[in-house]
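Since the structure comes first, as structure tokens, the remarks are kept for the end.
The values are calculated or read from the model by the stated rules, or taken from the named source; none is laboratory data. No experiment lies behind these values; they were computed from the predicted model shown. Neighbour counts run over all protein chains shown; Cβ positions are idealised from the backbone, glycine included.
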Amino acid sequence: LLTAFMTVLVVIAGWEVIQYRVAQYMAAFLIMEGLMIGVFAALDALLFYVFFEAMLVPMFLIIGIWGGPRRVYATLKFFLYTFFGSVFMLIALIYLYNQANSFEILDFHKLPLTMTEQVLIFFAFLLGFSVKVPM
């Protein structure tokens, strides 16, 4: 619900700013909204990861097409940072899969992980999430 509300606010905020390719801009935000809803609705870690990473495509387009004067540099930098952070999250997910033999998020709660494993997985996810947070 919050995702849908925030998307409406972003569209309203960009209504007067976006002057060209307005239909493509709105389509990119609609696709990104659908992917965000997929992230929040996923109970499977693999689906979560796929939706989370698929959001990179419309974000890449929005920055690259409608960004500021240095948008090409920003797009490349955004892609590299996001890809780098996502590798750590993928490694953590693969490790969790090897422990649980399942990608079901609810099965991850039953895992008897040591404190060291929990901390490493936490930081892998933190790195994967923090690179997509705007500064």
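Of all the numbered requirements in (1) modelled with pLDDT of 85 or more; (2) farther than 27 Å from ILE121 by Cα; (3) out of contact with any helix residue (DSSP H, G or I) (no Cβ under 7 Å at 6 or more places or on another chain); (4) of a type in the set (Val, Ile, Thr), ILE94 misses one, and that requirement is (2).
The number of residues in the stretch 105-135 being assigned to a loop (DSSP other than H, G, I, E, B) and farther than 18 Å from PHE51 by Cβ comes to 8. Within the stretch 100-128, residues that are closer than 30 Å to LEU80 by Cβ have Cβ atoms under 9 Å from residues that are part of a loop (DSSP other than H, G, I, E, B) in these pairs: ILE105/ALA42; ILE105/LEU43; PHE108/SER102; GLU117/LEU111; ILE121/LEU113, counting only partners at least 6 apart in sequence or on another chain.
Scanning the stretch 32-58 for residues that are in a helix (DSSP H, G or I), among the aliphatic types (A, V, I, L, M) and closer than 30 Å to HIS109 by Cβ yields MET32, LEU35, MET36, ILE37, VAL39, ALA41, ALA45, LEU46, LEU47, VAL50, ALA54, LEU56. Taking the numbered list (1) exposed (fewer than 15 other Cβ atoms within 10 Å of the Cβ); (2) not in a helix (DSSP H, G or I) in turn, SER102 passes all entries but (1). If I ask for residues that are part of a loop (DSSP other than H, G, I, E, B), modelled with pLDDT of 80 or more and surrounded by 10 or more Cβ atoms within 10 Å (Cβ to Cβ), which ones from the stretch 1-31 would you list? Answer for the stretch 1-31, where residues must be part of a loop (DSSP other than H, G, I, E, B), modelled with pLDDT of 80 or more and surrounded by 10 or more Cβ atoms within 10 Å (Cβ to Cβ): just ARG21. For the stretch 64-86, how many residues are under 16 Å from PHE48 (Cβ atoms) and out of contact with any Gly (no Cβ under 7 Å at 6 or more places or on another chain)? Residues meeting the conditions: 1. When the stretch 37-70 is filtered for residues that are among the charged types (D, E, K, R) and in contact with a strand residue (DSSP E or B) (Cβ under 9 Å, 6 or more places away or on another chain), only ASP44 remains.
A search for C-beta distances below 7 Å between a residue of the stretch 36-49 that is under 23 Å from ASN101 (Cβ atoms) and any residue that is outside any helix (DSSP H, G or I) and not small (Gly, Ala, Ser), counting only pairs 6+ apart in sequence or on different chains, returns LEU43/GLU104; ASP44/PHE103; ASP44/GLU104; ALA45/PHE103; LEU46/PHE103. Mind checking whether some residue in the stretch 12-20 is on the phi > 0 side of the Ramachandran plot and not aromatic (Phe, Trp, Tyr)? No - not one qualifying residue is present in the stretch 12-20. Of all residues in the stretch 40-53, those satisfying the criterion of being under 12 Å from the mean Cα position of the chain (by Cα) and surrounded by 16 or more Cβ atoms within 10 Å (Cβ to Cβ) are PHE48, TYR49, PHE51, PHE52, GLU53.
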